[in-house]
Amino acid sequence: MKNKFRIYTIKLNRRLLLLIGFMVIFLIAIFKLRDSQVLDIFNFSDKDIIVVDPGHGGIDGGAGKKSDILEKDINLGVSLKLKKELLVEGFHVIMTRENDESLEDLSSINSSRYRKDLDARRNIINNNKPLVFISIHCNSSTRSSARGIKIYHYPNSVEGEELAKNISESIDRNFYYNYFRDDNLKCEILCEDFFILRETEYPGVLVEVGFITNPEERRLLQDDEYQQKLARAIKKGILSYLQK
Ligand SMILES: [Zn+2]
């Protein structure tokens, strides 16, 4: 009886070992396969262009009081961080501006300074044929309680709406929930007939990264880490849009 029992346990152990061995090989194979798919998906080249458009600049401060922080500075801060995030992924990133400047001098149309600035931005986007473009702005309101991130796409733009959805989901998950620890906050998607969305031939959205008129958001929007986490969440949304 004793011997039989020992043989049985040895057999069982051998079977168990074989089973564990197969499982390990199976899991390694799955991870390898998954890695190679991930590499394929993320294999963007510098021919894959994304345009990042920090709103306003120079004489045009955007929303905000002159004595305080101005929208143009927050827009540039978030945009430069988004550029870095996208460069890491292998994209070729074109910025409409990288300094505190307005772009009317780049436009040849005979119109107002404001209109010439927008015309220059439109031309930079259309001439570079990007996969997507992202305009970064801040919101303002007469109600100081108004807050939150809003993403605008052009009405009836299927691709614009899809891009907006992906960025919005990423911000809700990666920014509001994982970083900001507040799952009551949700990104809002809206459609609007903005010049930069209407006059461009490529999928794009305008992201209002928060309200400069809300005391808490104004303070947060000047924080480097806050800007960085937000830029990363926008990038992750762009990546998930491009993978679909
Ligand atoms: Zn603006």
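Among the criteria (1) farther than 23 Å from Leu103 by Cβ; (2) within 16 Å of the ligand (Cβ to nearest atom); (3) within 13 Å of the chain's Cα centre (by Cα), the one Phe133 does not fulfil is (1). For the range 153-165, a residue qualifies if it is crowded, with 22+ Cβ neighbours inside 10 Å and either among the basic types (Lys, Arg) or within 13 Å of the chain's Cα centre (by Cα) (or both), and the qualifying residues are Leu163, Ala164.
For residues that are part of a loop (DSSP other than H, G, I, E, B) and within 16 Å of the ligand (Cβ to nearest atom), scanning just the range 148-163, find the one that is farthest from Tyr202 (Cα to Cα). Across the range 148-163, the extreme among qualifying residues is Gly148. Take Ser111 and tell me if it is touching a strand residue (DSSP E or B) at 6+ places or on another chain (Cβ under 7 Å), polar (S, T, N, Q) and in the same structural domain as Leu230 (by TED's automatic domain parsing). Answer is no for this residue.
Given the residues Ser141, Ser145, which is the only one that is out of contact with any helix residue (DSSP H, G or I) (no Cβ under 7 Å at 6 or more places or on another chain), more than 18 Å from Ile74 (Cβ to Cβ), loosely packed, with under 15 Cβ neighbours inside 10 Å and assigned by TED's automatic domain parsing to the domain that holds Ala120? When all the criteria are applied, what remains is Ser145. When we screen Asp68, Asp53, Asp46, Asp100 for residues that are within 16 Å of the ligand (Cβ to nearest atom) and modelled with pLDDT under 90, the only hit is Asp68. Mind counting the residues in the range 177-226 that are under 18 Å from Ala63 (Cβ atoms), in a helix (DSSP H, G or I) and within 16 Å of the ligand (Cβ to nearest atom)? Adding up the residues that qualify gives 5. Report yes if some residue within the range 119-137 is hydroxyl-bearing (Ser, Thr, Tyr), out of contact with any Cys (no Cβ under 8 Å at 6 or more places or on another chain) and either in a loop (DSSP other than H, G, I, E, B) or not assigned by TED's automatic domain parsing to the domain that holds Tyr177 (or both); otherwise report no. Within the range 119-137, none of the residues are hydroxyl-bearing (Ser, Thr, Tyr), out of contact with any Cys (no Cβ under 8 Å at 6 or more places or on another chain) and either in a loop (DSSP other than H, G, I, E, B) or not assigned by TED's automatic domain parsing to the domain that holds Tyr177 (or both). Restricting Ile74, Ile50, Ile69 to residues that are touching a helix residue (DSSP H, G or I) at 6+ places or on another chain (Cβ under 7 Å), aliphatic (A, V, I, L, M) and assigned to a helix (DSSP H, G or I) narrows the list to Ile74.
For the residues Tyr179, Tyr202, the requirement of being touching a residue at least 60 places away in the same chain (Cβ under 8 Å), in the same structural domain as Ile50 (by TED's automatic domain parsing), of a type outside the set (D, E, K, R) and closer than 20 Å to Gly237 by Cα singles out Tyr202.
The values are calculated or read from the model by the stated rules, or taken from the named source; none is laboratory data. Everything numeric in this text was worked out from a predicted model, so none of it was measured. Backbone-built Cβ (ideal geometry, glycine too); neighbour counts: all protein chains shown.
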